Amino acid sequence: MSDATLTPAADRPAATVPARRPRWRKTLRENWLHAVMLPLALLWLSPLVWILVTSLKTQTEVFDQSAGFWPASLTFSNYPSTLSVAPFGTYLVNSVLVTGSILAGQLVTITLAAYAFARLSFPGKNLLFTLFLLQVMFPIYAIFLTNFVTLREMGLVNTIPAMIVPFVASGYGTFMLRQSFRQVPAELSDAARLDGCGHLSILWHVYLPLVKPTLIAFGIISVVTHWNDYMWPLLVTNSEGIRTLPIGLGLLAKADSGADWPRLMAGTTIVVSPLLLLFVIFQRRFIDSFMHTGVK
Amino acid sequence: MKSTKPNMMRRRLLATGLAAPFVSAMPGILTPARANDTVKLQFMYPVGVSGDINTIISNMIAEFNATHDGVEVEAIYAGSYDNTEQKVITSLGVGEPPALWLPINSSLQTFLGLDALEDITEQAKADDIYDDFIGGFLDTAVSDGRLYGLSYQPSTPVLYYNKDAFAEAGLGDAPVTWDELMTAAQALTIRDGDALKRWGLTIGGGWHDWMFEGYCRQNGLVPWEADKVLWDRPEAIEALEFWKKMVDAGCMAPASTWQGSANDFMAGSTAMLYHSTGSLTNLRTSSPFEVGVAFMPKRKQFGASQGGGPIMIAKNQSDAKKEAAWTFARWMTNTENQAAWSRATGYLAVRKSSWQQPEMQQYLAEVPQAEVAMKQAEYSGAFLQVPAYSRARDNLKSAIDRTLAGEIAPEAALTTATADTNREIQRVQRRQG
């Protein structure tokens, strides 16, 4: 925050010199966005900083008003003691497996479904599409029991696929992608057809490269949703060996006695860091793909 | 437009897509083969208090499995009390309940309504359960004189107070009656002009209906029967009017949250707190001041209702499983295990003999506060065991919240909540036939 307000103030003496005034204006004109973005970035960062700081405090320090914001000494022992509560390593592998498989499955199904809804004509298309949209409107909790019964009949209860199978199709993703496909000029696919492409090749060579931003946006939403999902994995799994990270976090948020904050925050750091890391690594690619696209 | 890089990306994407079904089929293969001669039991439990419950339970189960041939218990962590109930009801819905589970005691009528519980009265009578369990705890699993569970992790609300704040305000012991409570709360409230520095009293939100039932009991009323709630009785209305009076006097917080209220107490933003005995260890060890524990003040008598839960055994399973389940429930509640569990968690041991154990005596010498809660159990009973208790709780909480916020008069709020709840209970009973 202080940086943002300082930038113009520091330049003010220079502004009294008439000759330099345009340059000051130019700097401001080119960088005003930073002045707006910086406080926002700090605001966005503050919960993360708070999580990190709390995870390094002692239990008493969290509530002692005289203790101040920073921990007196860094208590790294919260991390090992959090890890000892549950097999977080196994949970991490499972979370990656579940979230990854869901995303992979979804990308295949929504691409094919969205193409069909956007570019093909077949009987009952509108009715089917309405049904897809209905699925978006049902809260997931409303269909827990029926999903559970189905999975039990498939013999999947208490297995990793139980957390994946109900989510491999996505009404929301299909809708999102269909809208993007419809914005692709028909001339492009017509040209591809003249060149001898079938449906799959058109989809592969024409549509998918053009809707990459949508795919990435959907991917982010899907990964975040399923990475953080708690209730469904809790319901369909029993064995520790196949459970996911949020269930480990649940162990630290106690109902009867108030949460064990330092360890809960240490656990939260462990749970969110893979996602943050992923974002930092792929950040450039995410943003590039939003910038360089043929479709607006 | 671009090099081959995007193509490789796509190929990798495709490969991942193709791999999904295979990857997801793997854990099925990994599921261990089931042996035929051992009885396998599933036990679903929630995590209610601080301390590594997960580890403690796992160790107990490992010990049980090691010492009992032919029985193998699998402990399944099932989230909060609500989550646990949902998980059990879902399994009941598909006809494959766990052998045992540990819900909150209020859900007794809910599970009885589903015809899910095994009657264990005869086994308990043949054993020492009726002699050795502390009466108030045993009662939480009794309906129509029959026993449906073994109390395992009982708790009651108690009054926690900040001893330093009491000394500062020139107060001696904790208040014993409602009137003393209000006087103390007023003396402990600190305001700086309009800004509030410290509340005199906070009643832990989220479970304030539980505390409210305690107030009704202190005023001589058990505010429910097996098929209806009685919140519109004068005793209950009087209790809510007392809360309103304290809020109007500015010495009691009109609303709070469960964890927030505990945090406020530890941070010194409230001098007295109604909270569960389950919080004792956390409050005691995390507060930077000395924490006092007292009975909830009385009106006509002391009174409290039981939180926490009993271990229940499923009806819909083979006799071999039922027998093994009884052995397990009996083992979890035996003298030594209850003493160890109580020390580790802050829950109250359910057996009289547990409190006589030398290590328990030593614990009481170190933490005399623990004994207060145990003694209060004498004046306590089960908590709101009506069908549709969850809806009933929501109705009552909303009535209390609206009253304290000044939107509605205590009598009108409680009358409406009672009528709504009783209608809902009748609806549920009709549906169950």
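At full extension, B:Ala419 and B:Val222 could sit 69.2 nm farther apart than now, given 0.36 nm per residue minus the alpha carbon distance. With the biggest extent put first, the Cα atoms of the protein assembly as shown measure 89, 83, 50 Å across the principal axes. Estimated from helical segments only, the mean residue ellipticity of the protein assembly as shown at 222 nm is -18000 deg cm²/dmol, where each DSSP H run of four or more residues counts as -39500 (n - 2.57). Shown here: region A:83-291, whose C-alpha atoms stretch 67, 42, 25 Å along the first, second and third principal axes, sorted largest to smallest. Distance between the modelled labels on A:Ser73 and A:Trp44, one decimal in nanometres: 3.7 nm (7 Å Cα→Cβ projection). Normalised by the number of residues in region A:83-291, the mean separation of alpha-carbon contacts (under 8 Å, six or more apart) gives a relative contact order of 33 percent. In a DSSP loop and with at most 16 other Cβ atoms within 10 Å, the GluC sites (Glu not before Pro) in region B:232-340 are B:Glu290. Computed from the Cβ-Cβ distance with R0 of 35 Å, the FRET efficiency linking B:Asp115 to B:Thr55 stands at 0.50.
Percent of C-alpha pairs per 10 Å bin in region B:56-199, short distances first: 9, 25, 25, 15, 17, 8, 1. Placing dummy labels 7 Å off each Cα toward the beta-carbon, the span from B:Arg430 to A:Val53 is 5.7 nm. For region B:241-327, trypsin sites (Lys or Arg not before Pro) are listed when DSSP marks them as loop and at most 14 other Cβ atoms sit within 10 Å of their Cβ; the list is B:Lys300. Across peptide B:262-269, the mean count of Cβ atoms from other chains lying within 10 Å of each residue's own Cβ comes to 4.
Using the Cβ-Cβ distance between A:Phe122 and A:Phe282 with R0 = 45 Å, the FRET efficiency computed as 1/(1 + (r/R0)^6) comes to roughly 0.75. Overall size of region A:35-118 from C-alpha positions, given as principal axis extents largest first: 63, 43, 16 Å. Applying a DSSP loop filter and a limit of 10 other Cβ atoms within 10 Å to the GluC sites (Glu not before Pro) in region B:364-417 leaves B:Glu407. Note on B:Ala412 and B:Ala249: with the Förster distance fixed at 25 Å, the Cβ-Cβ geometry gives a FRET efficiency of about 0.70.
Span-like helix check, chain A: qualifying full DSSP H segments, with Cα axial length of 15 Å or more and mean Kyte-Doolittle of -0.5 or more, are A:2-15, A:21-54, A:88-119, A:125-137, A:212-228, A:261-291. Springs join every pair of Cα atoms under 10 Å in this Gaussian network model of chain B, and among B:Pro358, B:Pro103, B:Pro310 the largest mean-square fluctuation is at B:Pro358. What shape does chain B take by its C-alpha gyration tensor, where a ≥ b ≥ c are the square roots of the eigenvalues and a/c under 1.5 counts as rounded, a/b above b/c as prolate, and the rest as oblate? Verdict is prolate for chain B. Take every Cα pair under 8 Å whose residues are at least 6 apart in sequence, average their separation, divide by the length of chain B, and the relative contact order is 24 percent.
Straight-line cross-link reach from B:Lys298 at under 18 Å between alpha-carbon atoms covers these lysines, not counting any fewer than eight positions away in the same chain: B:Lys244, B:Lys245, B:Lys375. Quick one: grab the alpha carbon gyration tensor of region B:198-333, order the square roots of its eigenvalues as a ≥ b ≥ c, and give me rounded if a/c is under 1.5, else prolate or oblate depending on whether a/b is larger than b/c. Oblate. Partner shielding of B:71-77 amounts to 3, given as the average count of beta-carbon atoms from other chains within 10 Å of each residue beta-carbon. Peptides A:187-193, A:237-243 ranked from most to least packed, by the mean per-residue count of other Cβ atoms within 10 Å: A:237-243, A:187-193. Taken along the Cα-to-beta-carbon direction at a fixed 7 Å, the label points for B:Asn316 and A:Val224 span 4.0 nm. Counting only other chain Cβ atoms within 10 Å of each residue's Cβ, the peptide B:282-290 averages 4.
Coordinate-derived values only; no laboratory data. Predicted model only: the values in this text are computed from it and were never measured. Reconstructed Cβ throughout: ideal geometry from the backbone, glycine too, with neighbour counts over all protein chains shown.
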